[in-house]
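Q: Quick one: structure below, then a few questions.
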Amino acid sequence: MNKALRKAVIAGNWKMNKTPSEAKALLNEIAPLVKDADCEVVACVPYVDLTTAVEAVKGTNIKIGAENAHWEEKGAFTGEISTGMLKEVGVEYVVLGHSERRQYFGETDETVNKRTKAVLKAGLKPIVCVGELLWERECNITEEVIARQIKLDFYDVTAEDMKNVVIAYEPVWAIGTGKTATADQAEEVCAFIRATLAKLYSKEVADGVTIQYGGSMNDGNAAELLSKEDVDGGLIGGASLVAEKFAAIVSAASK
Ligand code: 13P
């Protein structure tokens, strides 16, 4: 399968931005700008915005995602949110293993793996984030780091379930820094992720997985990044909070 047959997914990761009323206003602004998109358009929003966001995108082509999910169905896990709660609200995607969760909240590949399996079991689509630190790139171990994350994060995930998985390659040094990976650097690692999946599963499975790039992707650099064979979409932080910029990235993915 080649790039043209994979579904491009452009997802905004709003992080800890926008109150419910602000979320509604931004989605109302984005919706008419992306209505003709020839790709999947997703907004991953803070938990408290989810109900408002799902309501706001009714009748549009925008899907709503959460920014994390716990692996247990319920119980004594103060501050956590279950997949059942997300499903009932109408969420379709869940960002998992974002580098900010790994860096600031002790997320490990083991917990990313548990969350990934729970999200898939619930019929939701995980957007699993992987990426190397600047120090790791400088030490020339990017491929080792990425292979380790892919092997651990998808441990015990079946080939069938991989059809519902999106992987986001987000080099940590490019997140929120304005330093984008070059299109060639992004392609190199996204192709490496696909090759790793081919070894773990099969070429067919690997060819079907949507792999996004994330890290300072914006309306100016999206077209070049998205033109690469193994870059099937983007996970957008800052630029997803500005309707015109996000819409321009969606339009770059639709060509
Ligand atoms: P920025 O686009 O703000 O660099 O954030 C990228 C990101 O972390 C998306 O998940």
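What follows draws every value from the coordinates through simple rules; no lab data is involved. Every value quoted in this text rests on a predicted model; they were computed, and no experiment measured them. Counting neighbours? That spans all protein chains shown, and the Cβs are built from the backbone with ideal geometry, glycine included.
Q: Counting other beta carbons within 10 Å of each Cβ, put Ser240, Ser82 in order, fewest first.
A: Least to most surrounded, the residues fall as Ser82, Ser240.
Q: Give a quick list of chymotrypsin sites (Phe, Trp or Tyr not before Pro) in the range 57-156 that DSSP marks as loop, anything other than H, G, I, E or B, with at most 16 other Cβ atoms within 10 Å. Before the final figure, lay out each step's value.
A: Details: sites: Trp71, Phe77, Tyr93, Tyr104, Phe105, Trp135, Phe154, Tyr155; in loops: Trp71, Phe77, Phe105, Phe154, Tyr155.
Qualifying residues, ordered by number: Phe77, Phe105, Tyr155.
Q: Taking the inverse of the average 1/r across all pairs of different Cα atoms in the range 1-72, what Kirkwood radius in Å do you get?
A: Here the Kirkwood hydrodynamic radius works out to 13.0 Å.
Q: First select every other residue whose beta carbon is under 13 angstrom from the beta carbon of Ser82; then total the charges, Lys and Arg +1, Asp and Glu -1.
A: On the way: positive: Lys74, Lys87, Lys114, Arg115, Lys121; negative: Glu72, Glu73, Glu80, Glu88.
Charge balance near Ser82 sits at +1.
Q: Taking just the alpha-carbon atoms of the chain, what radius of gyration and Dmax come out, in angstrom?
A: Spelled out, the Cα radius of gyration and Dmax of the chain are 16.7, 49 Å.
Q: Can you return the lysines within cross-link range of Lys117? Criterion is Cα-Cα under 27 Å, with same-chain partners fewer than 8 residues away left out.
A: Reachable lysines: Lys3, Lys7, Lys15, Lys63, Lys74, Lys87, Lys125, Lys151, Lys163, Lys199, Lys203.
Q: Only four residue types carry charge here, +1 at the Cβ of Lys and Arg and -1 at the Cβ of Asp and Glu. Report the dipole size of the range 85-158 about the Cα centre in Debye, rounded to the nearest 20. Intermediate results must be reported in sequence, preceding the final value.
A: Values: 11 positive and 13 negative charges, 77 e Å.
Here the size comes out at about 380 debye.
Q: Related question: Counting other Cβ atoms within 10 Å, which GluC sites (Glu not before Pro) in the range 155-255 have at most 14 and lie in a DSSP loop?
A: Details: sites: Glu160, Glu187, Glu188, Glu204, Glu224, Glu229, Glu244; in loops: Glu229.
Loop-located and lightly packed - Glu229.
Q: If you take the Cα atoms of the range 156-248, find Rg, then find the Kirkwood Rh from the mean of 1/r over all pairs, what is Rg/Rh?
A: Expressed as Rg/Rh, it is 1.01.
Q: Starting from the Cα of Thr182, step 7 Å along the direction of its Cβ; do the same at Ala195; then give the gap between the two resulting points in nm.
A: About 1.8 nm, to one decimal.
Q: About its Cα centre, how strong a charge dipole does the range 137-255 have in debye, to the nearest 20, once Lys and Arg get +1 and Asp and Glu get -1 at the Cβ?
A: 120 debye
Q: Using Stokes-Einstein with the Kirkwood hydrodynamic radius over Cα pairs, what translational diffusion coefficient do you get for the range 103-192 at 20 °C and a viscosity of 1.002 mPa s, in µm²/s rounded to a whole number? Could you put the intermediate results ahead of the total?
A: On the way: Rh = 13.9 Å.
In µm²/s, the coefficient is 154.
Q: With the Cα gyration tensor of the range 201-255 in hand, give its eigenvalues times 5 under a square root as the equivalent ellipsoid semi-axes, listed largest first in whole angstrom.
A: The answer is 23, 11, 9 Å, longest axis first.
Q: D for the range 24-114, whole µm²/s, Stokes-Einstein with Kirkwood Rh over alpha-carbon pairs at 20 °C and 1.002 mPa s: what number?
A: Estimated via Stokes-Einstein, D reaches 150 µm²/s.
Q: Can you tell which of Leu197, Ile211, Pro126 lies farthest toward the positive end of the dipole of the chain, using +1 and -1 charges on the Cβ of basic and acidic side chains (Lys, Arg; Asp, Glu)?
A: Result: Pro126.
Q: Can you give the relative contact order of the range 97-255 as a percent, counting alpha carbon pairs under 8 Å and 6+ residues apart?
A: Computed value for the range 97-255: 20 percent relative contact order.
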